[in-house]
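Participant: Dropping the structure in here first, questions after.
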Amino acid sequence: METIDEAQYEQRHLESCQDYELILNTKGYDCIEKYCDRYVRKNCREILLPSGNNLQILDLTWLHDLSTEVEHNCAEPLTAKFYLAGNLRTITPGIKDKYVKDDYLEKTGENYLFYLPDIAEIEQAKAETAEILIRIAFDLNFFRSFNTDSESLPEPLQLLLETDTPPRFHLPVGKITPQMHLALQQILDCPHQGMMQRMYLESKVLELLCLQLTQLVESNGRQANSFKPTDVERIYQAREILLQNHVNPPALMDLAQQVGLNHMKLEQGFREIFGTTAFGYLRDYRLQQAYLLLRDGKLNVEAVANKVGYSHLGHFTNAFRRKFGITPGACRAGRKIVTDL
């Protein structure tokens, strides 16, 4: 795969760009940019929030393989990425940084937090890949203003909060959780306009950062819990089995047997690591998937209930109302969530 620098890409972009649109100050966004060039079909919505945090919603379809040298300047912000679809490989030849790998892949269903000033990387995208992601750049002074106690955070984040010359880092935070999925979907379906839109999006951006930091703290503290690393891996394996089979999940005893744990230890592990029971976690995931399907509007309520594993419509309706504060029918009709109980 040929590697080109940013200037070469810009030249090829100008030579091949079609259907270019740059729309300013519309639908509550500072900028909406759309175009198609020889490499990518791009749709980007961007808004600078009152805090100085920057929110981008990116929808990319790669038409040809592209390997680009990207230069980050010395004023790079703390950045979060949430990959709803697609992946991106990044190579940093010869890097010796403690918290940055020289070759890593950002991929669907994962979220990342990084601080990468003054660095040169090679980003590689593959043809026929669709990328949908939400990218948030946090103003460092705004982020640091919350610091009262950073001891529970991973070391690179502690140093980012407490020193003027923190190290670069790229942290794979983990799977996008059901709570993160909900906040991301609420950003995509923002129900407000004007001033209220900016206030709403600011709140969702902070919620996502809070969820990321919580996930990092939980991950950082795993060695302090009562489980061996191999047991923690088995608990995460059990979670993946549940999510992959959420329509027809195995019974708890069978699930525990599949991953090689006692069923009581598995249940204790879910409570300690995820803050809920195994099937409490599954219920939340099912209802989150139901929410997305209902908002899409292609299926009726009964079909959605069946699709996420509820055979009894009444049970589904009650569970959905308890979770989101509205009925499935009201959600499908476009009403917004009242509360997350």
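The values are calculated or read from the model by the stated rules, or taken from the named source; none is laboratory data. Note that the coordinates shown come from a computational prediction; the quantities given were computed from them, not determined experimentally. Note: ideal-geometry Cβ built from the backbone for every residue, glycine included; neighbour counts use all protein chains shown. Surface areas here come from the heavy atoms of the whole protein model, side chains and all, with no ligands, DNA or RNA. Shrake-Rupley method; radii C 1.70, N 1.55, O 1.52, S 1.80 Å.
Participant: Taking Cα pairs under 8 Å and at least six residues apart, what relative contact order does the chain come out at, in percent? Mind dumping the intermediate values first?
Facilitator: Numbers: 575 pairs, mean separation 40.2, N = 341.
Normalised by residue count, the contact order of the chain is 12 percent.
Participant: What residue among F138, F279, F114 has the largest mean-square fluctuation in a Gaussian network model of the chain, using Cα springs under 10 Å?
Facilitator: F279
Participant: Enumerate the calculated ³J(HN,Hα) couplings along the range 8-24 in order (Karplus 6.51 cos²θ - 1.76 cosθ + 1.60, θ = phi - 60°), each rounded to whole Hz, writing x wherever the residue is Gly or Pro.
Facilitator: 5, 4, 4, 5, 5, 4, 5, 6, 10, 5, 10, 6, 6, 9, 10, 10, 9
Participant: Taking only protein heavy atoms and a 1.4 Å probe, what accessible area per residue, in Å², does the range 202-277 have with all protein chains in place?
Facilitator: Details: 3990 Å² over 76 residues.
Computed with neighbouring chains in place, this is 53 Å² per residue.
Participant: I'd like the accessible area for C210, computed on protein heavy atoms only with a 1.4 Å probe and all protein chains in place. Round to 10 Å², please.
Facilitator: Approximately 80 Å² of C210 is accessible to the 1.4 Å probe.
Participant: Could you tell me which label, among (1) 65, 45, 40; (2) 58, 47, 42; (3) 63, 46, 43, carries the value of Cα extents along the principal axes in Å calculated for this structure?
Facilitator: The value computed from this structure is option (2).
Participant: Please compare each pair in K175/K228; K101/K175; K81/K228; K175/K298; K126/K307; K101/K204 to a cut-off of 23 Å on the Cα-Cα distance and tell me which ones are over it.
Facilitator: Numbers: K175/K228 21 Å; K101/K175 19 Å; K81/K228 30 Å; K175/K298 27 Å; K126/K307 32 Å; K101/K204 30 Å.
From the list (K175/K228; K101/K175; K81/K228; K175/K298; K126/K307; K101/K204), the Cα-Cα distance tops 23 Å for K81/K228; K175/K298; K126/K307; K101/K204.
Participant: What 222 nm value per residue comes from the helices of the chain, counting each DSSP H run with n ≥ 4 as -39,500 (n - 2.57) and dividing by all residues, nearest 500 deg cm²/dmol?
Facilitator: Helices in the chain give a 222 nm mean residue ellipticity of -13000 deg cm²/dmol.
Participant: Eigenvalues of the Cα gyration tensor times 5, then square-rooted: what semi-axes does that give for the range 211-336, in whole angstrom, largest first? All intermediate terms of the calculation are to be shown ahead of the outcome.
Facilitator: Numbers: eigenvalues 189, 57, 23 Å².
Rounded to whole Å, the semi-axes are 31, 17, 11.
Participant: With every protein chain left in place and a probe of 1.4 Å, what is the accessible surface of S203, to the nearest 10 Å²?
Facilitator: The accessible area of S203 comes to roughly 50 Å².
Participant: Now, a different point. Taking the Cβ of Q56 as the center, what net charge do the other residues with Cβ under 14 Å away carry, scoring Lys and Arg +1 and Asp and Glu -1?
Facilitator: Surrounding charge for Q56 is +1.
Participant: Give me the Å³ per residue figure for the convex hull around the C-alpha atoms of the range 1-156. Intermediate values should be presented prior to the final figure.
Facilitator: Working: hull volume 20.4 nm³, N = 156.
Cα convex hull per residue, to the nearest whole number: 131 Å³.
Participant: Pop out the ³J(HN,Hα) list for the range 77-84 in order, Karplus 6.51 cos²θ - 1.76 cosθ + 1.60 with θ = phi - 60°, rounded to Hz; leave Gly and Pro as x.
Facilitator: Result, rounded to whole Hz: x, 5, 10, 10, 10, 10, 8, 7.
Participant: Could you pull the accessible area for M196 with a 1.4 Å probe, rounded to 10 Å²?
Facilitator: It works out to around 100 Å².
Participant: Let me check something: with ligands and nucleic acids excluded, how do E233, E155, E131 order by accessible area (1.4 Å probe), largest to smallest?
Facilitator: Working: E233 130, E155 95, E131 5 Å².
Accessible-area ranking of E233, E155, E131, largest first: E233, E155, E131.
Participant: Here is a further query. Short version: ³J(HN,Hα) in whole Hz for each residue of the range 101-110, in order, from phi by Karplus 6.51 cos²θ - 1.76 cosθ + 1.60 (θ = phi - 60°), x for Gly and Pro, what are they?
Facilitator: 6, 7, 7, 9, 10, 8, 9, 3, x, 10
Participant: Given just the C-alpha atoms of the range 111-235, how large is their convex hull per residue in cubic angstrom?
Facilitator: On the way: hull volume 22.1 nm³, N = 125.
Taking the convex hull of the Cα positions in the range 111-235, it is 177 Å³ per residue.
Participant: Another question, if that's okay. Round to a whole number: what % of the accessible area of the range 182-305 belongs to carbon and sulfur, probe 1.4 Å? Kindly include the intermediate steps, with their values, before the conclusion.
Facilitator: Working: 3130 of 6140 Å².
Answer for the range 182-305: carbon and sulfur cover 51 percent of the accessible area.
Participant: Report the trypsin sites (Lys or Arg not before Pro) located in the range 214-305 that are in a DSSP loop and have at most 10 other Cβ atoms inside 10 Å of their Cβ, or state none. Could you put the intermediate results ahead of the total?
Facilitator: Working: sites: R222, R234, R239, K265, R271, R283, R286, R295, K298; in loops: K298.
Filter output for the range 214-305: K298.
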